[in-house]
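J.: There's a structure below that I have some questions on.
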Amino acid sequence: MKKIIFRKLLLDCLTFFGLSLFGISTIIWVFQAVNFLDIMIEDGRNYSVYFNYTLLNFPKIISRILPFALFFSFSYTFIKYETNNELIIFWNHGVNKISIINFFFWISIIIMLIQILLLSIVVPKSQEVARSHLRSSDIDFFEGLIKPKKFNDTIKGLTVYTEDKNIDGEFRNIYIKKNSSDNSFQITFAKKGVFELKGNKKILVLYDGKTLNNNGENITNFDFSKSDFGLSNMESHLVTHQKIKEQPTIILLNCLQTFFDIRDTNILNCDKNNSREIYKELFKRLVTPFYLPVLTLISLLLILTSKENIKYTKNKFITFFIGFGIIIISESSLGYISNNLIKNISIAILPIILIIVTYFVFIYSLNLFNRKISWLEHIQNFW
């Protein structure tokens with residue numbers, strides 16, 4: 001009978017947890033996708049790039065929503081069971097509250113390991129693939145971004161201006177300035193310009209114009225009747241270089257060895273100037289998941305008081321207040337990460353301390369000190 005009770009309670013908790021996690025994540029993903037659509041269009045990307053990039057951001061959204069969804073779903077399920085008098089049935093069938101607490105603690109450990117896997121492997125990889133997808137994609141939406149009598153600088157180092165555009169897509173009196181990293185530049189003016197498809201690439205074909213080249217020392221110019229202006233080697237303003245948050249966890253751990261002069265490495269972004277960002281990223285991936293067992297234990301405070309108790313409503317509000325406070329602490333603690341290793345370790349052990357304190361609250365509330373079964377045995381069962 002106890003196995004059936006535990007199985008039913010677990011199934012209800014995980015079902016609502018899954019629904020809330022994916023439901024809230026999908027809503028946030030849709031809002032972000034809509035906002036990101038304007039950026040992608042301004043950047044000259046096509047819709048397939050936009051869809052793939054936004055889809056690859058979904059694991060990141062799930063990892064951010066997971067702590068809130070866990071606390072909310074578990075708390076809701078325990079409140080529903082108490083409201084429907086189902087918890088009373090559990091107690092009458094010999095189920096101990098401490099047994100449920102221990103059981104859900106271990107469930108939260110499994111979810112914590114999944115979150116570590118998600119933050120350490122899945123999210124960095126998906127972010128890196130998304131950015132690689134941007135780097136390899138063509139800027140083939142640029143034609144629609146050129147508006148008459150407006151300067152367009154979507155592509156790095158390139159400014160385009162045209163006086164008019166007819167219904168056939170022809171540009172009249174088009175001006176193009178191309179800047180180089182060595183402070184040289186090229187200015188091109190043409191009476192007419194049109195995008196044409198050559199192979200799988202779209203290029204801008206200019207007619208009846210003049211080009212001026214300035215390399216910093218000499219200025220040259222030439223006239224042309226027709227000239228192809230390719231965009232395939234251009235880069236957009238959207239950042240496409242790899243960031244620290246996209247680095248694999250093992251590489252970031254190797255960076256720590258570099259900081260302690262244990263070994264040398266040529267890993268990208270792995271230098272002491274980025275040490276605080278690397279500490280923060282490792283903390284987010286490997287430490288913040290430890291707040292999930294804390295949130296689970298906080299939600300289990302709801303089973304300590306029955307609805308007949310006059311303090312039940314008050315305890316619900318206190319539980320929610322503490323739970324959301326823990327979520328805020330887990331997020332804001334990243335801001336206190338520094339280059340000081342001792343300080344970082346003290347912040348890292350905070351969730352462990354909270355787990356121990358919360359469990360002793362259960363021991364005290366359930367009056368296990370005065371039971372024939374020693375409270376030390378409950379701790380041993382807990383671990």
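Nothing in this text is a laboratory measurement; each read-out follows from the coordinates by a stated rule. Everything numeric in this text was worked out from a predicted model, so none of it was measured. Cβ: placed from backbone, ideal geometry, glycine included. Neighbour counts: every protein chain shown.
J.: Quick one: Glu331, Glu196, fewest Cβ neighbours within 10 Å first, how do they rank?
T.: Listed from fewest to most nearby Cβ atoms, that is Glu196, Glu331.
J.: Could you give the length gained by full extension between Asn35 and Lys147, i.e. 0.36 nm per residue of separation minus their alpha carbon distance, to one decimal place?
T.: My answer for the length gained is 38.2 nm.
J.: Shifting gears a bit: Quote the FRET efficiency, to the nearest 0.05, computed for Lys125 versus Ile342 with a Förster distance R0 of 25 Å and r equal to the Cβ-Cβ distance.
T.: Details: r = 32 Å, r/R0 = 1.28.
E between Lys125 and Ile342, to the nearest 0.05, is 0.20.
J.: Can you list the residues of segment 185-217 with backbone N under 13 Å from a point 7 Å past the Cα of Asn166, pointing along Cα to Cβ?
T.: Answer for segment 185-217: 192-194.
J.: If you add up the charges near Ser63, with Lys and Arg at +1 and Asp and Glu at -1, over every other residue whose beta carbon is less than 10 angstrom from its beta carbon, what do you get?
T.: With Lys, Arg at +1 and Asp, Glu at -1, the net is +4.
J.: How big is segment 142-229 on each of its three principal axes, counting only the C-alpha atoms and giving the largest first in Å?
T.: Computed over segment 142-229, the largest-to-smallest principal extents equal 42, 29, 27 Å.
J.: How would Ser184, Ser299 line up from fewest to most surrounding beta-carbon atoms within 10 angstrom? Walk me through the numbers before you get to the answer.
T.: Values: Ser184 14, Ser299 26.
By the 10 Å Cβ count, ascending: Ser184, Ser299.
J.: Just to be sure I understand the model, the point goes 7 Å from the Cα along the line to the Cβ. What's the resulting Leu10 to Leu253 distance in nm?
T.: Label at Leu10, label at Leu253, 2.9 nm between them.
J.: OK, next. What order do you get for 170-180, 332-342 when each peptide is scored by the mean count of other beta carbon atoms within 10 Å, highest first?
T.: 170-180, 332-342
J.: Counting Lys and Arg as +1 and Asp and Glu as -1, what is the net charge of the other residues whose Cβ lies under 9 Å from the Cβ of Asn173?
T.: Values: positive: Arg172, Lys191, Lys192; negative: Glu163, Asp164.
So the environment of Asn173 carries a net charge of +1.
J.: Right, next: So which of Lys165/Lys198; Lys280/Lys316; Lys284/Lys316 end up more than 31 Å apart, counting from Cα to Cα?
T.: Over 31 Å apart, Cα to Cα: Lys280/Lys316.
J.: Around Phe103, what is the net charge, scoring Lys/Arg as +1 and Asp/Glu as -1 over all other residues with Cβ under 12 Å from its Cβ?
T.: +4
J.: Note down the relative contact order for segment 142-229 as a percent, whole number, built from C-alpha pairs under 8 angstrom at least six residues apart.
T.: Result for segment 142-229 is 18 percent.
J.: Ok, one more. Spin-label point model (7 Å from Cα, Cβ direction): what's the Val357 to Glu277 distance in nm?
T.: 3.3 nm
J.: Now, a different point. Contour minus end-to-end for Lys226 and His93, with contour as 0.36 nm per residue of separation and end-to-end as the Cα-Cα distance?
T.: Roughly 39.0 nm would be gained on extension.
J.: While we're looking at this one, here's another question. To the nearest 0.05, how large is the calculated FRET efficiency for Leu286 and Thr83 if R₀ is 41 Å and r is the Cβ-Cβ distance?
T.: That gives a FRET efficiency of 0.60.
J.: If you don't mind, another one. With each label point set 7 Å from Cα along the Cα-Cβ vector, what nm distance links Glu196 and Asn315?
T.: 8.0 nm
J.: Mind giving me the FRET efficiency for Ser132 and Thr159? R0 is 25 Å, r the Cβ-Cβ distance, nearest 0.05 is fine. Intermediate values should be presented prior to the final figure.
T.: On the way: r = 28 Å, r/R0 = 1.11.
Here the calculated transfer efficiency is 0.35.
J.: Using Cβ counts within 10 Å as a stand-in for footprinting exposure, how do Trp29, Trp91 rank, fewest first?
T.: The fewest-first ordering by Cβ neighbours comes to Trp91, Trp29.
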